[in-house]
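Here the structure comes first, spelled out in structure tokens, and everything after it is commentary.
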Amino acid sequence: MDTLPLNHTKWSDRLAFDVALMLEGSGETLDEVKQRHRVSGKELAKFSKDGVFLKKVEHYREEDREKGLTFKLKARAQAEELLTTSWTLIHSPDVSAAVKADLIKSTVKWAGLEVKGDEENGGVAGGVRININFGDASAPMTLTADVEGQYLEAPESV
């Protein structure tokens, strides 16, 4: 089974980023870019005919022209590359389950896919809340269960 990340292109976002910087005169030379990414002139010429690659390069060029090269843009490019390393570690049998769990949690957090807490429910996301009111003056009994059904809570007087 292939456990490597899906690569739909022969080029990476980092290559497009480095080419954009080179074209704007604020990055490495062409030879340095080719050496870093282990690509030939023929491969670069082939990439230059790929519409997606050209759009990605133009996007990075516009970012550089409009906003200048910011720390956030550099960090975004680096994070894209580190996702491949994270994927490899998560699927490696030599890596402990704790490390894999931390990498998965971090990836979900960075992607903004974390489940938001329910403020009314004391910050617990999901779960079930049941209020039972017996019609008299006593406080209603509340049963709260989290997603795994780990706890129940009720007023002290019950």
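Quick check on my filter: what residues within the range 47-104 are over 18 Å from the mean Cα position of the chain (by Cα), at pLDDT 90 or above and of a type in the set (Asp, Glu)? 50, 58, 94, listed by residue number. In the set (1) over 30 Å from residue 114 (Cβ atoms); (2) modelled with pLDDT under 90, residue 43 fails one condition alone, (2). Checked against (1) out of contact with any strand residue (DSSP E or B) (no Cβ under 6 Å at 6 or more places or on another chain); (2) modelled with pLDDT under 90; (3) more than 25 Å from residue 11 (Cα to Cα), residue 127 passes all but condition (1). Looking only at residues in the range 6-21 that are aliphatic (A, V, I, L, M) and surrounded by 17 or more Cβ atoms within 10 Å (Cβ to Cβ), the one that is nearest to residue 91 (Cα to Cα) is 15.
The values are calculated or read from the model by the stated rules, or taken from the named source; none is laboratory data. Just so it is clear, the structure is predicted and the values come from calculations on it, not from any experiment. All Cβ positions, even for glycine, are placed from backbone atoms using ideal geometry, and neighbour counts span all protein chains on display.
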